[in-house]
Structures are given as structure tokens and as C-alpha cells.
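First the structure, in the form of C-alpha cells, and then the observations on it.
The values are calculated or read from the model by the stated rules, or taken from the named source; none is laboratory data. Every value quoted in this text rests on a predicted model; they were computed, and no experiment measured them. Here Cβ is always computed from backbone atoms with ideal geometry, including for glycine, and neighbour counts include all displayed protein chains. The protein model used for the area step is the full one, side chains on, heavy atoms only, and it has no ligands, DNA or RNA in it. Shrake-Rupley method; radii C 1.70, N 1.55, O 1.52, S 1.80 Å.
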Amino acid sequence: MEFKIFYHDIFERHLVPIGHPERPDRIINLNKLIKNLFPNQIQKIKSQKVIKNILKVHTKEYIKNLLNLKPENDILQIDADTYISLNSLKAAETAVCGIIQAVDFVMKTNNSKSFVCSRPPGHHAEPDKAMGFCIFSNAAIGAKYALDKYKLKKVAVLDFDVHHGNGTQSFFERKQKNLIFASSHEMPLFPGTGFKEETGLGNIINEPISPSLDGKSFLEIWQNKILPKIEYYNPELLILSAGFDAHKDDTISSINLKSEDYLELTEMICKFANQNCDGRIVSILEGGYNLDALTESVKLHLQSLLSSV
Ligand SMILES: [Zn+2]
């Protein structure tokens with residue numbers, strides 16, 4: 001029973017234009033937090049070859065195009081709001097390394113949990129394109145790796161970022177019936193997908209929520225609608241797309257969650273994992289753009305993960 005936080009300083013060097021919400025300060029603050037409050041849980045991500053893992057989710061052509069980009073001293077735009085700088089691909093690749101190492105850790109240690117403190121985020125990146133600040137589809141790559149490497153029957157990605165994880169869904173709905181995707185997300189909001197009717201191969205659960213929803217109703221949706229459906233699939237590992245941008249202080253969305261709502265949600269998911277999938281959770285940072293709200297919410301998320309092992 002153990003909890004580990006996977007981190008790396010390279011995430012501080014993925015640069016974006018001034019004023020962009022998905023900025024290095026997010027991870028600079030979180031790296032300080034984890035080093036101060038969780039010194040016994042942090043583990044620096046080791047470099048390893050993950051291109052084969054990335055290519056199980058992304059197309060060769062997309063990866064080839066990315067590798068042909070030469071940002072050097074510039075910040076290059078690769079999508080409406082996604083950019084890469086000199087260290088961005090290294091950062092995106094290191095995030096994947098962290099996820100693979102986090103999966104290996106929870107699969108080899110009984111009732112263990114992990115958090116990958118990385119950026120850029122991943123859940124909008126589609127198999128053939130970058131999108132919405134995201135370069136690689138982190139949660140999908142981790143889920144596919146876990147399924148294949150450990151011969152699991154089912155892996156579920158639970159996405160509580162305020163935006164719909166269109167990229168994760170896009171991979172899962174393409175002949176990946178053993179990968180389950182469940183998402184709660186504000187609607188209408190970017191990227192505009194995630195309707196209830198989008199069920200993929202029967203492996204997609206979408207719960208669009210109204211901008212006026214309060215924390216109590218948000219938690220009820222997870223407790224009464226999403227988790228009972230996940231239980232039906234009987235996954236052996238949960239991967240969390242942990243976005244904290246539904247916070248009341250985050251101007252990117254209208255939903256008004258409090259930091260404590262993320263604590264309650266994490267407790268609920270940990271209890272579910274402990275009862276249903278040997279406690280295995282790999283949580284990956286997605287969004288969250290108000291620095292104070294992000295830091296406080298992540299702190300509570302990590303404390304809850306730690307106290308549940
Ligand atoms: Zn988001």
C-alpha cells in the first residue's frame with residue numbers, strides 16, 4: 001500500500017505565448033507544493049523510450065509532422081490554442097514516461113495510487129492532431145499500455161475536467177471496447193462534444209452538466225450515475241483525467257465547485273477503487289488555470305489519495 005507522485009522539472013519549460021492559461025507557472029507552483037508537502041512520496045520521472053506506446057494511440061503521420069517542427073527560439077502554433085517551444089515535445093514525452101511508470105507502479109504494488117504531475121495536458125489530443133493545449137493523449141496512452149502489458153480485461157478513464165475529453169473518447173470509440181471512458185463536463189463549452197448519445201461501442205459514458213450546477217449535484221452525478229455504470233464494467237484499473245477547472249475561481253468555466261468538492265470526489269473514487277479494483281488509481285493532471293485554486297484543489301486531491309492507501 002503506497003502512494004507516489006511522479007514529477008519532473010522539464011514540465012516547467014514547455015513555453016506558451018504570454019497570457020496563455022496553460023502556462024509554466026501551473027507546474028512551477030505544483031512542483032513547489034509536492035516537494036514541500038509530500039517529500040516522501042515524490043519520484044522523479046525517468047527517461048525511457050515511449051514512442052511505441054505513443055504510436056498505439058497516435059498516427060505515424062501526426063508524430064512525423066511534430067518531429068519535423070523546429071521551434072528553436074520560437075513558440076510555434078500547431079492548433080487554434082496549442083503551441084510548442086524547444087522543450088515541449090520533450091515535456092510531452094516525459095509526461096507519457098511518467099504515466100507508464102505510474103501504471104507499472106500501481107500494477108506491481110498492492111492497493112497503490114499515483115499522481116502524475118505533468119503538463120501539457122492530454123485529453124483533447126486526438127489520434128491525428130493536437131488540440132486544446134494537448135499534444136499527446138496521455139490518459140489513452142496509459143490505458144492502452146496497461147491493458148496490453150498487464151493483460152487486463154478492462155481499464156476505465158474517469159475524466160472530471162470541466163471540458164469533455166474528446167481525444168480520449170476518439171481513441172476509445174475506435175475498436176477499443178475494453179477501454180471505458182466516463183466524463184462529466186460543462187455543456188455548452190469547448191470542445192462542443194460529449195453528448196449523452198455519444199456512447200461509442202457501448203464503452204463511453206457522457207454526463208454533460210449545466211453551467212449553473214452546484215457542488216452537491218456534481219458529486220451526486222458521480223455517486224449515483226457514473227460510478228454505478230463503471231461498476232458494471234468491472235475495470236481492474238482506474239485512470240483519472242484530473243482537471244480542476246470547474247473551480248469557482250477558474251474563469252475558463254462557469255461551474256462553481258469549491259476546492260473541498262474535489263476532496264469529496266477523490267474520496268468517493270478512492271473508496272470505489274478500493275472496493276472494486278484492488279485500489280489501483282493513476283491520476284493525471286489535466287486542466288486548472290487559476291493558480292491558487294489549482295494548488296489548493298490538487299493539495300486536497302493528493303491528501304485524499306495518500307490517506308486512502
Ligand atoms: Zn479543462
Practice task
Determine the gain in length on full extension of the stretch residue 128-residue 291; use 0.36 nm per residue of separation and subtract their C-alpha separation, reporting nm with one decimal.
Solution key: 55.6 nm
Problem - Proximal lysines relative to residue 149, as straight alpha-carbon distance under 16 Å, when same-chain residues fewer than 8 apart are discounted - result: 49, 52, 56, 108
Fill in the blank from the handout: Between residue 28 and residue 217, the two model label points (7 Å from Cα along the beta-carbon direction) sit apart by a distance in nm of 3.8
Exercise for the section: Give, in nm to one decimal, the length gained when the segment between residue 37 and residue 174 is fully stretched (0.36 nm per residue of separation minus the Cα-Cα distance). Expected result: 45.2 nm
Practice task
State to the nearest 20 debye the size of the charge dipole of segment 3-307 about its Cα centre, where the only charges are +1 on K and R beta carbons and -1 on D and E beta carbons.
Solution key: 1440
Exercise for the section: For segment 3-307, state what percent of all Cα-Cα pairs lands in each successive 10 Å bin, counting from 0 Å until the bin that includes the largest distance. Expected result: 7, 31, 40, 20, 2, 0
Exercise for the section: Provide the per-residue ³J(HN,Hα) series for segment 118-125, in order, calculated from phi with Karplus coefficients 6.51, -1.76, 1.60 and θ = phi - 60°, each as a whole number of Hz, with x at glycine and proline positions. Expected result: 10, 8, x, x, x, 6, 8, 5
Problem - FRET efficiency, 1/(1 + (r/R0)^6) with R0 25 Å, evaluated for residue 248 and residue 268 via beta carbons - result: 0.80
Practice task
Compute the length gained on full extension between residue 210 and residue 75: take 0.36 nm times their separation in residues and subtract their Cα-Cα distance, giving the result in nm to one decimal.
Solution key: 45.1 nm
Exercise for the section: Could you tell me which of rounded, prolate or oblate describes segment 1-153, using a ≥ b ≥ c as the square roots of the eigenvalues of the alpha-carbon gyration tensor, with rounded for a/c under 1.5 and, failing that, prolate when a/b is larger than b/c and oblate otherwise? Expected result: oblate
Fill in the blank from the handout: Per the helix-only model, the chain has a calculated mean residue ellipticity at 222 nm (DSSP H runs of ≥4, -39500 (n - 2.57) each, divided over all residues, rounded to the nearest 500) of -11500 deg cm²/dmol
Handout entry: Fraction of accessible area attributable to carbon and sulfur, the chain (%, probe 1.4 Å)
Key = 50
Problem - Per residue value of the accessible surface for segment 3-307 (all protein chains in place, 1.4 Å probe), Å² - result: 40
Problem - Hypothetical label at residue 149: residues of segment 24-58 whose amide nitrogen lies under 19 Å (7 Å Cα-Cβ projection) - result: 42-58
